[in-house]
Every structure is written in structure tokens, then in C-alpha cells.
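One structure below.
The values are calculated or read from the model by the stated rules, or taken from the named source; none is laboratory data. Everything numeric here is computed off the predicted structure, so don't read it as measured data. With ideal geometry, Cβ positions are generated from the backbone for all residues, glycine too; neighbour counts draw on all protein chains shown. Quick note on the areas: whole protein, heavy atoms, side chains included, nothing else; ligands and nucleic acids left out. Shrake-Rupley method; radii C 1.70, N 1.55, O 1.52, S 1.80 Å.
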Protein chains: 2
Amino acid sequence: MPVSVYTPAEVVEETGFTLDTLRYYEKIGLLERVERNAAGQRRFSEQDVGWLGMLRCLRDTGMPIAQMLRFAELTRAGDHTIPDRIKLLEEHDRLVEGQIENLMERRRYIRNKISYYRSVL
Amino acid sequence: MPVSVYTPAEVVEETGFTLDTLRYYEKIGLLERVERNAAGQRRFSEQDVGWLGMLRCLRDTGMPIAQMLRFAELTRAGDHTIPDRIKLLEEHDRLVEGQIENLMERRRYIRNKISYYRSVL
DNA sequence: ATCTCACCTGGAGCGGACTCCAGGTCAAGC
DNA sequence: GCTTGACCTGGAGTCCGCTCCAGGTGAGAT
């Protein structure tokens, strides 16, 4: 099978990022310089798309761009940074765990409030 | 016991909002005009503090200010808006539920990635 | 050959939610 | 009675993460 490449539109479809966001991520270095075809249009590789999946995950769990950048740099720097990457992800995982707990607690509050409102109707 | 009032500093301590945020919330109408002492300094009531607890909960679960404002207006409008408030909170509760599920799924992804990194060390 | 439409670039603009500042007024502990 | 520090107001500024725009080029279906 041929090496698959994706047009911008396909990547938008796959990753849920807007085209502008993809360009922005490339501009700030969150995404390594994407290949171009003869006309200068982006042709994303399978790897690019995979990496974007990781970014989506980090973004959706609230990681700030500055830290995603740090992770991107570690990733680019080679395998010797894997322990650092583990550390970074573990720290982030703990934050996410906290977020979940926090949300569950807040949710109890909301549901209580709803019950209270029901009780006074 | 006397009706308790809180100084700005006490409210900051209790609610975790900054003083600037409290003023901002009052300015935009999220918080009803707070009482002042003779010198014009804010003296928050027990009710104010309770309401701020609700706001904190909504804010921390990602409700945008515009919607908090709507909730505030309903609350001010009287008891006949209780069904609307229930509706609003229920909708929000569903969003929060979704957030939690989403985070749990993303978290699995992160943990997988960590495992993968561990496996290649 | 033409036309439409996806893309391109660099740079300006935006929306949300605060946060900070200048310049001034009281409060209250020593 | 002084000083320090908590507060006040109105308004400007900041930060983040995009999002939009103008002006242009190439692709690819008809």
C-alpha cells in the first residue's frame, strides 16, 4: 500500500481541528513543518495525523499550549527524552484525575440544587 | 446572633475569587449590588456568599458568563422562574456529565501513551 | 479553455474572562 | 494623631487561543 497522505480537508475531517487551527499549530511549532506538494499545498502524513490526535487529547484535557509545545520539543528531540515525556504525561494525568473529581463534586452540588428547587415547587 | 456580614477580604478567603473578580461580577450584574458601609466599602451578606458559591460551581464546570447571567436574572425574577432554573441546571448537568466522560476517555488515551513509552524504554 | 473552489501567506482582529492601574478615601492599630 | 493598609472607582490592558481577511495561486471537473 502507498504511503497515505491527507489533504487539509481530510485532516480537518479526521481531527476536528479547523484549517486555521492546523495552520496556527504549524506556525507556532506545535506541528512540525508539514510537507507541501508542488503547488505549496499541505499534504499531511499519517504521522502528522497521529500527532494531531495526541494534541487533541492534550488540548481537550486542558493542557495549555506552552506545555504542549514543550512536549512537542521533547518528542522531536529523540528517544532519550522518553522519561521526561512520561513525567510530563503523568503529571498531566494527575491533573486530569483532579479535574474529573472536581467535576463530579460540582455535579453533586448542581444536582442538589435541582433537588432543592424541585422540593419547593 | 447578629446578621453576619463579610468584608471583601473575607469573601476572597471564603470563595476563592479575587477581589477584582468580585468587583467585576458585580459590575456586570452577576452579583447584585452589594451593600456598602458608610465609607462605601463592600459588606457582603451571607446570601451574597452563598450565591458566590453557586457561581463558583457553575464557573468551575465551564458555564460561560452569559449563561450565568441568565441564571442570575431568573433567580432575581422570583420563584415563578424555578422551573426555568431547573431546566437550565439540568441542561448544564448533562454537559458536565459529558465533560466527565470525555475526560475519562482522554485519560485512558494518556495512560495508554504512558504505557507505550514505558514499553519502549 | 474555463470556472470554481480548495489552498496559500502574513498579519490583523476577536471573544472571553479577567487583571491591573492611577488616583483617591476611610479604618483602625500603635 | 499618624501611618499603614484595605478599599474605592472608572477605565485601560492582558492573555489565550484561535479566527478572519485580503489578495493571490493552482487543481481538477466540465
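Computed quantities for the displayed model
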read-out	value
Selection count where residues are away from every other protein chain (no Cβ under 12 Å) and under 9 Å from A:THR15 (Cβ atoms), scope region A:46-57	2
Residues of region A:94-121 classified as farther than 17 Å from B:HIS92 by Cα and open to solvent by less than 50 Å² (accessible area, probe 1.4 Å), total	2
Subset of region B:58-93 [more than 10 Å from every other protein chain (Cβ to nearest Cβ), within 29 Å of A:GLY62 (Cα to Cα) and open to solvent by 70 Å² or more (accessible area, probe 1.4 Å)]	B:PRO64, B:ALA66, B:ARG70, B:GLU91
Among residues of region A:1-52, those that are within 11 Å of DNA strand C (Cβ to nearest atom), within 17 Å of A:ALA66 (Cα to Cα), among the charged types (D, E, K, R) and open to solvent by 50 Å² or more (accessible area, probe 1.4 Å), counted	2
Those residues of region A:94-115 which are within 7 Å of chain B (Cβ to nearest Cβ) and aliphatic (A, V, I, L, M), in sequence order	A:VAL96, A:ILE100, A:LEU103, A:MET104, A:ILE110, A:ILE114
The lone exception for A:ARG33 - which of (1) more than 14 Å from chain B (Cβ to nearest Cβ); (2) of a type in the set (D, E, K, R); (3) in a helix (DSSP H, G or I) it fails	(3)
